[in-house]
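Have a look at the structure below before the remarks.
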Amino acid sequence: MSQMRKLTAEDGHTLDAVVAGDSKTARGGVVVLQEIFGLNDHIRDLPRRFAEAGYYAVAPALFDRAERGVELHYDADGRDRGLALKAAVDNDAIFDVSAAITAAAAAGPVVVVGFCWGGSLAWRAATSLAGLAGAASYYGGELPSKAGLVSHCPVLAHFGTRDKTIPIDGVNTFINAQADADPAVVTHVYEADHGFNCDARGQYDEEAAALAWARTLAFLDEVCG
């Protein structure tokens with residue numbers, strides 16, 4: 001069962017988070033990083049799924065710095081509002097990611113798993129925060145522009161070939177740059193669109209989502225020992 005708790009970032013900001021699992025018996029911690037649509041039904045369900053796989057999961061409400069309780073629909077209005085909220089909090093979001101990592105560490109080694117904007121934040125965390133066991137990024141739009149950075153932990157990246165927001169040329173740039181700079185990064189590409197993991201979106205691809213999920217759980221098992 002998932003529940004809400006409060007986190008406090010190092011700059012004093014307090015934020016909500018959805019947590020699931022038992023930190024005393026879990027195999028490790030997972031930090032779930034949201035899309036630009038807030039802590040909506042899809043993101044709130046992911047901690048439950050990770051808890052069922054044996055992990056203690058924490059999903060921070062990253063829009064709380066600008067507006068609390070944000071849950072947006074997967075439509076044009078939701079996208080536009082989400083982009084505006086992202087712009088308002090993006091510079092300080094890593095503080096909230098760090099607070100969630102601290103909370104998840106009650107269960108042992110921590111992996112961040114991010115989707116869309118959260119996928120970009122997962123890459124930022126992997127390259128700027130020490131102490132993570134791993135990071136998994138689903139269709140993180142910043143990865144091509146930040147290619148060549150060196151991560152502090154193993155990284156798993158998922159992209160879709162039909163994702164117009166992250167053209168495949170950019171994905172290939174990321175893959176090639178990391179092959180030279182950071183062999184700890186493993187990238188998988190699916191015949192799918194942006195948001196393929198989310199069954200609330202029109203882009204949902206059941207086959208790609210299932211395969212990426214299986215790979216993510218295998219990655220968690222490997223890096224959490």
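The values are calculated or read from the model by the stated rules, or taken from the named source; none is laboratory data. Computed from a predicted model, the values in this text were never measured in an experiment. Methodologically, a virtual Cβ is constructed for each residue, glycine included, from the backbone with ideal geometry; neighbour enumeration extends over all protein chains shown.
Brief remarks follow.
- Test for T102: is it in a helix (DSSP H, G or I), among the hydroxyl-bearing types (S, T, Y) and over 16 Å from W117 (Cα atoms): yes
- Residues (exposed (fewer than 15 other Cβ atoms within 10 Å of the Cβ) and either modelled with pLDDT under 95 or charged (D, E, K, R) (or both)) located in segment 163-175: K164, D169
- Any chance L121 is modelled with pLDDT of 95 or more and either under 19 Å from D92 (Cβ atoms) or touching a Pro at 6+ places or on another chain (Cβ under 9 Å) (or both): yes
- Qualifying residue in segment 40-53 (condition: surrounded by fewer than 18 Cβ atoms within 10 Å (Cβ to Cβ), in contact (Cβ under 8 Å) with a residue 40 or more places away in the chain, out of contact with any strand residue (DSSP E or B) (no Cβ under 6 Å at 6 or more places or on another chain) and more than 26 Å from G134 (Cα to Cα)): no
- The set of residues in segment 174-225 that are under 20 Å from L46 (Cα atoms) and polar (S, T, N, Q) comprises N197, Q203, T216.
- Considering residues of segment 158-174 that are within 14 Å of S145 (Cβ to Cβ), part of a helix (DSSP H, G or I) and β-branched (V, I, T) only, the residue nearest to the chain's Cα centre (by Cα): V171
- Test: residue in segment 134-141 that is buried (at least 20 other Cβ atoms within 10 Å of the Cβ) and part of a helix (DSSP H, G or I): no
Residue by residue, here is whether (1) under 18 Å from A136 (Cα atoms); (2) polar (S, T, N, Q); (3) out of contact with any Lys or Arg (no Cβ under 7 Å at 6 or more places or on another chain) holds:
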residue: R5; (1), (2), (3): no, no, yes
residue: A9; (1), (2), (3): no, no, yes
residue: T14; (1), (2), (3): no, yes, no
residue: A26; (1), (2), (3): no, no, yes
residue: G29; (1), (2), (3): yes, no, yes
residue: P47; (1), (2), (3): yes, no, yes
residue: A59; (1), (2), (3): yes, no, no
residue: L62; (1), (2), (3): yes, no, yes
residue: R68; (1), (2), (3): no, no, yes
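- Qualifying residue in segment 112-123 (condition: surrounded by fewer than 21 Cβ atoms within 10 Å (Cβ to Cβ) and either among the hydroxyl-bearing types (S, T, Y) or closer than 28 Å to A26 by Cβ (or both)): no
- Tally, over segment 1-37, of residues that are buried (at least 23 other Cβ atoms within 10 Å of the Cβ) and touching an Asp or Glu at 6+ places or on another chain (Cβ under 8 Å): 1
- Scanning segment 176-198 for residues that are part of a loop (DSSP other than H, G, I, E, B) and at pLDDT below 95 yields a count of 3.
- The sole residue among A130, A147, A157 that is touching a His at 6+ places or on another chain (Cβ under 8 Å) and at pLDDT below 95 is A130.
- Filter pass, S98 being at pLDDT below 95 and either over 14 Å from the mean Cα position of the chain (by Cα) or closer than 30 Å to D163 by Cα (or both): no
- Subset of segment 62-77 that is crowded, with 18+ Cβ neighbours inside 10 Å and over 20 Å from L132 (Cα atoms) - its residue that is nearest to the chain's Cα centre (by Cα): F63
- Sole residue being over 16 Å from L39 (Cβ atoms), touching an Asp or Glu at 6+ places or on another chain (Cβ under 8 Å) and free of Cβ contacts under 8 Å to residues at least 40 places away in the same chain, chosen from S120, S128, S98: S120
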